[in-house]
Amino acid sequence: MASVREKNKTKPQLDASADAEAWQSALELCGDAIREGTRPPKNKQALEQQVVARSYTIKQAGKLLGVDGETLRSATQELALDSFLDPRGKLRFPARTLQPTAADPDLREMIAGYARLRPADLRAALAVDLRTLHNRIRQAGLSPKRIVWRDARGLWGLPQTFGEYSQLLSEKQPSAGSGKGKSRRSRHRKRRQREARSKLRSRLIDAFPNWRNDWREQQQLTLHIGVPNSGKTHDALQALKLAGSGWYLAPLRLLAYEIFDRLNAEGVPCSLLTGEEVIQVEGAKITAATIEMFNAHDSGECVIIDEAQMLADADRGWAWTRALMECAAPDMHIIGPPTARKLIEVLAAAAELPCELVEHERLAPIAVAERHFALEALPPATILVAFSRRNVLDLKMTLERMGRAVSVVYGSLPPEVRRRQADRFAEGETEICIATDAVGMGLNLPADVVCFYETEKYDGKSDRRLYPAEVHQIGGRAGRYGIREAGLIAATTKADMDIIRELYAQQPPELSYARVAPTVDDLTLIPGSLAEQLTRWAELKSIPDELRAIITTADMDERIELAKMLTDDEIKRLGLARALQLVNAPTRKSTRAYWLDCAYMIIEGYQMPMPPAAPVPIQDAGDLDATEACIACADVYLWLSQRKEFANFGEAHHQVREERREWSLSIDQVLLLNLNTARRCRVCRARLPSRHRYRICEDCYQRRRHRAA
């Protein structure tokens, strides 16, 4: 795991001598056994061919063991299979260990135990509907989001071996026909499908909203463009206060809360409206809200749309597009970075909406530091940026052991806790704030330095290097106007410092597309189940030709996953409008099972189940994880209870909100303590280094490797 992998992670190009050394190291990992059906190269100096002859690629290994590549990767990550990366970066399995594994039925079955089972395959094998399957899964104490063969083997009448299960699935598949007749029928069927697809797409395009409304002549859009800390929001709020009625629309509950407090503190009555909470203030004609809650038919005199770069967000961008293009207020103020300017101007022109540009200059200058800051030398008033909750909590413990007072801000932290943590940092009670990229979204976190602990992040699909726009947005938090002459952007290592300097020097690209989501009327035109309707809508991309250069469809993946969990009969009982609202709930993978329980109760006409109870008190990192998960479930309950379609099924919302508040307070209190959140080796329980990529320590890995040899 150490030598060969590290060499392949760091080298851009190997010279001849280094290349030979790397292949020699790989050959040592292979051993002497030759892959079945292969002859060893006669030339012993041909190191690459020697490695190829003594090892299997992932495709070859999968064929030998009768499993797919995903299963092999899972087994490899759990160290159930010996593997290595060759100098070309290709995953290989030594023949000396793989062939004995393939020859042993018990070992082969052990590897197959990591195979992930598709719900569709399980339904076919068991001949049951989706709801019955989910009930069986819950009763067995399994997670519906990930079922592997070792957990399902022998359950519900399934076979005892993976081979028998695979054979059972193949028998369930309809036999394929052959011949010219089938080919001709297939061509006719495809032609009919193309024609039907074309007709459906035309109907959806005809139903696309017309944004050129009669009131456009009485509207004025003011586009506030500038980098962070340039006074954009302040100027827009002055216009809202003068107008006396309207909305402030934000991407986060935290920002809506901030403006809600700010306006009321200034003597301007303001109500709060988020997906989970409503606070009505007497006499208020202004509402601070999360943008999905905006009522375009009651826009008031002035509407502010903040963080307009979210127009391009694949998941939520549709809400910004809707607010911008459907707002009826005579005075509109849009706030965003320079990368959003062109897209907003083109959208305004498409809607024949008059647009005035106001460019804001940064109030406090900013610069990239000349050298990096080691962790032990971080100056006060520093935001330390990491891109995973795990690293944030690990850094918190590390810095607290150095005697530093620390706040933390990360995505899954409840908004109330994020706010308290941010306030302690802003007021000087803590000197370091460790944060994920949630810090870049308008939080009031005045800092002298923004220091990047890492320059790569996991974006939901893969680990990648930061984009220039992310460095500008997050780094722009540095600088306190009127307190320091300039803000600094830095990193914790020399290598990362060079990367940050390079990225900050680049001009971020302009946004390309705004997003739209389907309406009930759109889905009514599409045949099939709700999941099929959402899938086809996304695939068709039914945007009028004149808008295709600036508009694209939103990401439907999470909604489709939720829709798949409901049967056609259940969706029929709900009605399409209510079903679409139900799958719009703000879920994540960890809360889907609870959402499904809520959905079943709504369908049957009963009160939604209470969220799972959080552990009290929080004593370790596991309790912290569990409490955050319980709060996420409470958010689902509260979101559903605030929708008029489901309000009758969430009568306990006051109790849930109070429990959620207490759980949030307990998290905030435990974060003030030196809670031990260190990651530990799952074998020997030794503490793992903060940047360690694996679940076991190096010593345990080496011991296992020597035993396998």
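Observations, loosely collected:
- Any chance GLN421 is more than 21 Å from THR233 (Cα to Cα), within 26 Å of the chain's Cα centre (by Cα) and modelled with pLDDT of 75 or more: yes
- Residue selected from the range 436-459 under the condition modelled with pLDDT of 90 or more and part of a strand (DSSP E or B), by the criterion surrounded by the fewest Cβ atoms within 10 Å (Cβ to Cβ): VAL449
- Some residue of the range 269-290 being out of contact with any helix residue (DSSP H, G or I) (no Cβ under 6 Å at 6 or more places or on another chain), of a type in the set (Ser, Thr, Tyr) and surrounded by fewer than 21 Cβ atoms within 10 Å (Cβ to Cβ): yes
- The range 488-564 holds helices (runs of 4 or more DSSP H) entirely within its bounds, and those carrying 3 or more residues that are within 26 Å of the chain's Cα centre (by Cα) map to 494-505, 530-540, 557-564.
- Filter result for GLU307 (acidic (Asp, Glu), in contact (Cβ under 8 Å) with a residue 12 or more places away in the chain, open to solvent by less than 40 Å² (accessible area, probe 1.4 Å) and closer than 30 Å to THR430 by Cα): yes
- Residue check for ARG685: of a type in the set (D, E, K, R), more than 28 Å from ARG592 (Cβ to Cβ), part of a loop (DSSP other than H, G, I, E, B) and at pLDDT below 65: no
- Scanning the range 567-613 for residues that are over 20 Å from the mean Cα position of the chain (by Cα), part of a loop (DSSP other than H, G, I, E, B) and closer than 16 Å to ALA632 by Cα yields MET608, PRO609, MET610, PRO611, PRO612, ALA613.
- Subset of the range 365-406 (residues that are of a type outside the set (A, V, I, L, M) and at pLDDT below 90): PRO365, PHE387, SER388, ARG389, ARG390, ASN391, ASP394, LYS396, THR398, GLU400, ARG401
- Residue within the range 620-637 that is outside any loop (DSSP other than H, G, I, E, B), closer than 27 Å to ASP569 by Cβ, open to solvent by less than 60 Å² (accessible area, probe 1.4 Å) and of a type in the set (A, V, I, L, M, F, W, C) present: yes
- For the range 410-427, a residue qualifies if it is assigned to a loop (DSSP other than H, G, I, E, B) and within 17 Å of VAL450 (Cβ to Cβ), and exactly one does: TYR410.
- Any strands (runs of 3 or more DSSP E) falling wholly within the range 307-394 and containing at least 1 residues that are under 30 Å from the mean Cα position of the chain (by Cα): 331-336, 366-368, 382-385
- Of all residues in the range 313-328, those satisfying the criterion of being open to solvent by 30 Å² or more (accessible area, probe 1.4 Å) and of a type outside the set (Phe, Trp, Tyr) are ASP313, ALA314, ASP315, ARG316, ARG322, GLU326, ALA328.
- Conditions (1) under 25 Å from ARG389 (Cβ atoms); (2) outside any loop (DSSP other than H, G, I, E, B): number failed by VAL616: (2)
- Among the criteria (1) open to solvent by 20 Å² or more (accessible area, probe 1.4 Å); (2) of a type outside the set (S, T, N, Q); (3) closer than 30 Å to LEU133 by Cα, the one GLU510 does not fulfil is (3).
- The range 561-592, residues that are small (Gly, Ala, Ser), open to solvent by less than 20 Å² (accessible area, probe 1.4 Å), under 28 Å from GLU628 (Cβ atoms) and touching a residue at least 40 places away in the same chain (Cβ under 8 Å): ALA585
The rows are residues; the columns are (1) in contact with a helix residue (DSSP H, G or I) (Cβ under 8 Å, 6 or more places away or on another chain); (2) closer than 25 Å to ASP635 by Cα.
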| position | (1), (2) |
| --- | --- |
| LEU375 | yes, no |
| ILE383 | yes, no |
| VAL417 | yes, yes |
| ALA426 | no, no |
| PRO446 | yes, no |
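- Considering the range 218-252, the residues that are of a type in the set (A, V, I, L, M, F, W, C) and touching a Pro at 6+ places or on another chain (Cβ under 9 Å) include one that is surrounded by the fewest Cβ atoms within 10 Å (Cβ to Cβ), namely VAL227.
- For beta carbons closer than 9 Å, sequence separation of 6+ or different chains, a first residue in the range 348-372 that is on the phi > 0 side of the Ramachandran plot and a second that is not small (Gly, Ala, Ser), the qualifying pairs are GLU352/TRP211; GLU352/ARG212; GLU352/ASN213; GLU352/ARG216; GLU352/GLU217.
- LEU72 being farther than 20 Å from ASP19 by Cα, open to solvent by less than 30 Å² (accessible area, probe 1.4 Å) and modelled with pLDDT under 85: no
- Lone qualifier among TRP215, TRP211 - being aromatic (Phe, Trp, Tyr), out of contact with any Cys (no Cβ under 6 Å at 6 or more places or on another chain), in contact (Cβ under 8 Å) with a residue 40 or more places away in the chain and open to solvent by 60 Å² or more (accessible area, probe 1.4 Å): TRP215
- Residue count for the range 93-118, restricted to those that are in contact (Cβ under 8 Å) with a residue 40 or more places away in the chain and farther than 14 Å from LEU65 by Cα: 2.
- Per-region count, the range 393-409, residues closer than 15 Å to VAL670 by Cα and in contact with a Ser or Thr (Cβ under 8 Å, 6 or more places away or on another chain): 8
- Scanning the range 37-59 for residues that are part of a strand (DSSP E or B) and touching a residue at least 40 places away in the same chain (Cβ under 8 Å) yields SER55, TYR56.
- With respect to the conditions (1) more than 32 Å from the chain's Cα centre (by Cα); (2) farther than 23 Å from ILE147 by Cα, LEU91 falls short on a single one, namely (1).
The values are calculated or read from the model by the stated rules, or taken from the named source; none is laboratory data. Because the structure is predicted, anything quoted here is derived from the model rather than measured. Note that we place each Cβ from the backbone using ideal geometry, even for glycine, and neighbour counts take in every protein chain shown. Areas reflect the complete protein model, heavy atoms only, side chains present, ligands, DNA and RNA absent. Shrake-Rupley method; radii C 1.70, N 1.55, O 1.52, S 1.80 Å.
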